[in-house]
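Chemist: Below is a structure I'd like to ask you about.
The values are calculated or read from the model by the stated rules, or taken from the named source; none is laboratory data. Just so it is clear, the structure is predicted and the values come from calculations on it, not from any experiment. Cβ placement follows ideal geometry from the backbone for every residue including glycine, while neighbour counts extend to all protein chains displayed. What goes into the accessible areas is simple: the full protein's heavy atoms, side chains included, and nothing from ligands, DNA or RNA. Shrake-Rupley method; radii C 1.70, N 1.55, O 1.52, S 1.80 Å.
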Amino acid sequence: MEVQLKNTTGKLCVIGDPVGHSKSPLIQNTMLRALGLDYIYLCQHVPRGKTAEWLRCASFCGYAGFNATMPHKEALVSLMDHLDEDAAMYGAVNTVAIREGSYYGYNTDGRGFLASLHQAGIETEGKKVLLLGAGGAAKAVAPKLVQAGKAQRVFVANRTREKAAALCAQDEEGRLTPAGFDRETLCSLAEQADLVVNCTNLGMDGTNSQFEDLSFLDNLRPEAAVCDVIYSPDETLLLQKARLSGHRTLNGLGMLVWQAIFALEHFTGEKIDGNAMLPLVRQALKNAL
Ligand code: NAP
């Protein structure tokens, strides 16, 4: 990608440890070029335990903001001057805007997930959701589904039951219900579900882990939709089986791009037409494969 740098070019980046695999530079630079915004977005390795040092460094070097991935998201929370509602609720920051020396922490993952569902025409209002997993992705998605998404009920099924219970305890209205991850439980919950969302890393490229048994999908009603927050591969075995059984499916690429769009709005203060950005970013990601 050809980039023209000026002395006034704003600096943005993603930090992580590791961070070399991140798609954020490609996504953000594609959008910045398309929008004609004078920023450059870099990839910055920041070792675990060095979050506070990085923050001082970013401010000193004049960064307008940055995204954060593992292992910095939680550490950033207590270091912010201002925290948005979602970052406070998840206890994790994925976007930091630096304005006049103050740090503004946001979390755009949950909003990104909802926007991707909305764009795909998948409704959540009044629906029952079977959410698989209780890690970082599930923490962003589950509360957002019952709050802004107005889902009636979300069953959080996780291998480590205590983690599902802890996540569900955060919803004082009791709309999140913890569940186990065994075949019988998944089969029984699938019967009631309007939507299944995989937030585990089962099926993700680069891991050897797969669902041992996908037969719970056979219990879904035909109109139920199946989503995976995984975007690499394009179609996990879960999505493939669901699609071949006639269900609507959605992978995690939309969530990835929408959370980046919302982050860029925080960095630049610009209102961004996400629908116009999506095809450009999809194409850029495809070209980079
Ligand atoms: P995480 O915090 O490490 O959580 C992993 C989850 O997977 C946990 O619930 C874990 O269960 C479960 N799990 C792992 N191995 C399992 C197995 N063998 N059997 C059953 N459950 C298993 O990871 P994360 O940050 O939530 O990320 C999860 C996935 O979401 C990743 O593939 C990531 O790429 C994707 N993601 C996508 C986006 C996007 O924008 N599209 C954003 C964030 C994350 P236990 O609690 O029992 O360990």
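Chemist: Name, by its number, the condition in (1) more than 24 Å from residue 68 (Cα to Cα); (2) out of contact with any His (no Cβ under 8 Å at 6 or more places or on another chain) that does not hold for residue 217.
Modeler: (2)
Chemist: Counting only residues that are open to solvent by 20 Å² or more (accessible area, probe 1.4 Å) and touching a residue at least 40 places away in the same chain (Cβ under 8 Å), which one in the stretch 237-252 is nearest to the ligand (Cβ to nearest atom)?
Modeler: Top of the filtered list is 250.
Chemist: While we're looking at this one, here's another question. When you check residue 245 against the structure, is it farther than 16 Å from residue 110 by Cα, hydroxyl-bearing (Ser, Thr, Tyr) and more than 18 Å from the chain's Cα centre (by Cα), yes or no?
Modeler: yes
Chemist: So, restricting to helices (runs of 4 or more DSSP H) that lie completely within the stretch 77-147, which ones have at least 2 residues that are β-branched (Val, Ile, Thr)?
Modeler: Answer list for the stretch 77-147: 136-146.
Chemist: Same structure again: Would you pick out the residues in the stretch 215-235 that are open to solvent by less than 30 Å² (accessible area, probe 1.4 Å) and either over 23 Å from residue 152 (Cβ atoms) or more than 8 Å from the ligand (Cβ to nearest atom) (or both)?
Modeler: 215, 216, 217, 220, 224, 225, 226, 227, 228, 230
Chemist: Looking at residue 181, is it near the ligand (Cβ under 10 Å from one of its atoms), modelled with pLDDT of 95 or more and closer than 16 Å to residue 129 by Cβ?
Modeler: Details: near the ligand (Cβ under 10 Å from one of its atoms): yes; modelled with pLDDT of 95 or more: yes; closer than 16 Å to residue 129 by Cβ: yes.
Against the criterion (near the ligand (Cβ under 10 Å from one of its atoms), modelled with pLDDT of 95 or more and closer than 16 Å to residue 129 by Cβ), residue 181 qualifies.
Chemist: When only residues in the stretch 152-178 that are part of a strand (DSSP E or B) and within 12 Å of the ligand (Cβ to nearest atom) count, which is farthest from the chain's Cα centre (by Cα)?
Modeler: Step one: filter the stretch 152-178 for residues part of a strand (DSSP E or B), giving 153-157, 176-178.
Add one more test, that the residue is within 12 Å of the ligand (Cβ to nearest atom), and what stays is 156-157, 178.
Working: 156: 17, 157: 18, 178: 21 Å.
Only one residue tops the list, namely 178.
Chemist: Then there is this: Mind checking which residues of the stretch 124-151 are more than 16 Å from the ligand (Cβ to nearest atom) and either among the aliphatic types (A, V, I, L, M) or at pLDDT 95 or above (or both)?
Modeler: Listed by number, the residues that qualify are 124, 125, 126, 127, 128, 146, 148, 151.
Chemist: Do you know which residues across the stretch 263-276 are within 16 Å of residue 96 (Cα to Cα) and open to solvent by 20 Å² or more (accessible area, probe 1.4 Å)?
Modeler: Answer for the stretch 263-276, where residues must be within 16 Å of residue 96 (Cα to Cα) and open to solvent by 20 Å² or more (accessible area, probe 1.4 Å): 265, 266, 268, 269, 270.
Chemist: Of all residues in the stretch 183-212, count the ones that are open to solvent by 70 Å² or more (accessible area, probe 1.4 Å) and part of a loop (DSSP other than H, G, I, E, B).
Modeler: Counting residues in the stretch 183-212 that are open to solvent by 70 Å² or more (accessible area, probe 1.4 Å) and part of a loop (DSSP other than H, G, I, E, B) gives 7.
Chemist: Also, I was wondering about something else. Going through 29, 107 one at a time, which residue ends up being within 22 Å of residue 257 (Cα to Cα) and within 13 Å of the ligand (Cβ to nearest atom)? Reasoning before the result, please.
Modeler: On the way: 29 fails: within 13 Å of the ligand (Cβ to nearest atom).
Step by step, each of 29, 107 is checked, and only 107 is within 22 Å of residue 257 (Cα to Cα) and within 13 Å of the ligand (Cβ to nearest atom).
Chemist: While we're looking at this one, here's another question. Can you run down the residue pairs with Cβ atoms below 6 Å, 6 or more apart or on separate chains, where the first is in the stretch 123-134 and more than 15 Å from residue 190 (Cα to Cα) and the partner is within 16 Å of the ligand (Cβ to nearest atom) and in a strand (DSSP E or B)?
Modeler: Final answer for the pair search is 134/156.
Chemist: Show the residue pairs meeting these rules: Cβ distance below 6 Å; 6+ apart or different chains; first residue within the stretch 90-112 and under 27 Å from residue 150 (Cα atoms); second residue among the aromatic types (Phe, Trp, Tyr).
Modeler: As it stands, the answer is 95/106; 107/90; 108/262; 111/262; 112/258, since those pairs meet every condition given.
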